[in-house]
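Worksheet for the structure shown next.
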Amino acid sequence: MLESDGRTAIEASPERADYPSSVEANYVLGLLFLAYVFSFIDRSVLGVMVGPIKQDLQLSDFEFSLLQGAAFAILYSVMSVPFGRMADAKSRKWIMAAGVFSWSLMTIGCGLAKNFWQLFIMRMGVGVGEATLSPAAYSTITDSFPRAKLTRALAIYKAGMYVGGGLALGLGGALYDYFASVPNLSLPLIGAVGAWQATFIAVGLPGFLIALLIVFTREPSRKGMLRTEADGGVSTLKISAVFHYMFVEHRQLYVSLFLGCSLLGIVSYGINSWFTEMLIRNFALDRSYVGSLVGSVLIFGGLIGVLTGPIIVGALEKRRHPDSNMRALMFLALASTPVAVLAPQMPSYQLALSFLAATIFFQAAYIGIAAAAVQMVTPNQMRGQATALYLFFTNMLGLALGSTLVASITDFIYADEAALMHSLSIIAAVLLPTAAWIFYRGLSAFASAMKRSEEWC
């Protein structure tokens, strides 16, 4: 049992509030999907401009990896925790709107940077702004769709990372080429800028409109609440109670989910950060051409994968597996191992892209499954915080380490930029099977948690 304000909370909810209409729920889902798309455009557009930024600012692969990973991920991960707690108690739409506005402003600030440290600080600002979105969005979506539709809804939301990541490469490359073709490029009130700086400014502007649209949405009522034994009222949980519930009472469940997904995230972010540059180095291809190719693979492979994830879970549920979400994560980690290892080793860029498409498919399939898994086994008052902790671990290990681990192997072990292909294969070969084993260890804990969660509905 949980202690909250001196009273014991019981895992039951006497009644369930109505869900929004399907039209309203789908509109909010679509808007949050769009916000997530632009969050990934703004954070990932850096990846298509590796060469120009490195040249202008005189950076090594390792230094550039800090801009891609640590600069963004550290504050993104840390700040997601207090924002997650706010999402469990305050207005979720205002939290999200403020976040979209602020990260858009910081993205434009990246376009004004003149040196490494200015760009580093602005990337940290982008991370703080983006930390507001997913904890509040997960909670909002979970309260907008019944459980039978939740995995699909969260999969659609999470598809934004592949659409956004793909557009960051394709659209970002096209914008960079356009600005690079403009002689004496200058912007009003700003003055002379480089093509990569103008690209940052261009992709940051649409966020202001998205923030405004979020303000005018209506929040769904909160569901799946823990109630007090004394009067059946809603419990207000202290932070200590949340941590005790997750990491003492249900340690195996949450450690398996968080650590397993973190290892998947290291591989995913490593590939997303460096695969485009690997193709450019290995096959001497035009930057915008490669960006459009990899962007297309991310979008189509990601969309197909993320929408296939709920189908896999549904098939396991029909076989009466109570641990269907966790079991699906285990299968996907195993299935992605051979293609992720082989993709960077292919002798032609066409074959490399083919194997990349399969890798992205398997990686995308787990995204919505993992997001739904955390929500399904967590009471409402903890969902924002559980999401924030999930993001904290997956991003501190995944986003912060994914790019930097690949660059560190390339720079400090091989000491050869041409060895980037081997660095990508190594992290996949080691980490993906390890993640599968961790998910296997959590199967029984997840099955027990799903049975317990039925009492909240």
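So the values come out like this:
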quantity: Gained length - PHE216 relative to LYS238, 0.36 nm times residue gap less alpha-carbon distance; calculated: 4.8 nm
quantity: Ordering of 370-378, 25-33 by packing [mean C-beta count within 10 Å, highest first]; calculated: 370-378, 25-33
quantity: Exposure proxy order (Cβ contacts within 10 Å, fewest to most) of TYR289, TYR366; calculated: TYR289, TYR366
quantity: Percent of C-alpha pairs per 10 Å bin, region 68-209, short to long; calculated: 11, 34, 34, 15, 5, 0
quantity: The chain, helix-only ellipticity at 222 nm - DSSP H runs n ≥ 4, -39,500 (n - 2.57), divided by all residues, nearest 500; calculated: -24000 deg cm²/dmol
quantity: The chain: angle of helix 380-394 to the longest principal axis, Cα-based, in degrees nearest 10; calculated: 30 degrees
quantity: Sequence of ASP177, ASP88 once ranked by neighbouring C-beta atoms within 10 Å, starting from the fewest; calculated: ASP177, ASP88
quantity: Farthest toward positive dipole pole in the chain [+1 Lys/Arg, -1 Asp/Glu at C-beta], among LEU293, LEU112, VAL339; calculated: VAL339
quantity: Length released on extending from ASN26 to PHE247, taking residue separation times 0.36 nm less the Cα-Cα span; calculated: 76.2 nm
quantity: Rough spin-label spacing in nm, given labels placed 7 Å along Cα→Cβ, for ASP18 and PHE62; calculated: 6.1 nm
quantity: Identified option (computed mean projected area of the Cα convex hull in nm²; candidates (1) 26.5; (2) 22.4; (3) 20.8); calculated: (3)
quantity: Which listed pairs, of LYS223/LYS451; LYS93/LYS114; LYS158/LYS318; LYS158/LYS451; LYS93/LYS158, have C-alpha distances above 29 Å, in listed order; calculated: LYS93/LYS114
quantity: Projected label distance in nm at ILE121 and ALA180, using a 7 Å step from Cα toward the beta-carbon; calculated: 2.9 nm
quantity: Charge dipole of the chain about the Cα centre (unit charges at C-beta), most positive-ward option of PRO220, TYR19, THR410; calculated: TYR19
quantity: Electrostatic dipole magnitude of region 257-368 [Cβ: Lys, Arg +1; Asp, Glu -1; Cα centre; debye, to 20]; calculated: 240 debye
quantity: Amide N of region 27-60 lying under 17 Å from the label point, which is placed 7 angstrom from the Cα of LYS114 along Cα→Cβ; calculated: 56-58
quantity: Potential extension, PHE300-ALA148 segment - 0.36 nm per residue separation minus Cα distance; calculated: 52.2 nm
quantity: Cβ-derived FRET efficiency at R0 22 Å, ARG319 paired with ARG441, nearest 0.05; calculated: 0.60
quantity: With Cα atoms, 0 to 90° folded angle of helix 70-87 axis to the chain main axis; calculated: 20 degrees
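Rule-based calculations on the coordinates, nothing more; no lab input. Here the structure is a predicted model, which is why all the values come from computation and not from measurement. Neighbour counts run over all protein chains shown; Cβ positions are idealised from the backbone, glycine included.
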